[in-house]
Amino acid sequence: VQILLKLWKNGFSLDDGELRTYTDPTNAEFLESIGKGEIPVELQKLVHGNQVSLDMEDHRSEEYLKHKLKFKAFSGDGQKLGR
């Protein structure tokens, strides 16, 4: 299982998920485990014993901004209904 950890000025995120603050005790535990080279318990439960590949991106000079969903217009074929 591949997971992307992004470190931000105001917290961190996993796989473009929500911001998790550094001050939350659960999040501090998570980062402490990573700092020790261990897989956090949360990720162990998530991957059910599979191998974990954790990539990290350093964005600590940037504030986390919530990603906006990009609108994608319907690109399929249309069909007329009725006779």
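Brief remarks follow.
- Which numbered condition LEU46 fails, given (1) modelled with pLDDT of 90 or more; (2) not in a loop (DSSP other than H, G, I, E, B): (1)
- Filtering PRO40, PRO25 for residues that are open to solvent by 40 Å² or more (accessible area, probe 1.4 Å), farther than 19 Å from LEU65 by Cβ and either within 10 Å of the chain's Cα centre (by Cα) or at pLDDT 90 or above (or both) leaves a single hit, PRO25.
The values are calculated or read from the model by the stated rules, or taken from the named source; none is laboratory data. Nothing here was measured: the structure is a model prediction, and the numbers come from that model. Don't worry about glycine lacking a Cβ; one is built from the backbone with ideal geometry, like all the others, and counts go over all protein chains shown. Surface areas here come from the heavy atoms of the whole protein model, side chains and all, with no ligands, DNA or RNA. Shrake-Rupley method; radii C 1.70, N 1.55, O 1.52, S 1.80 Å.
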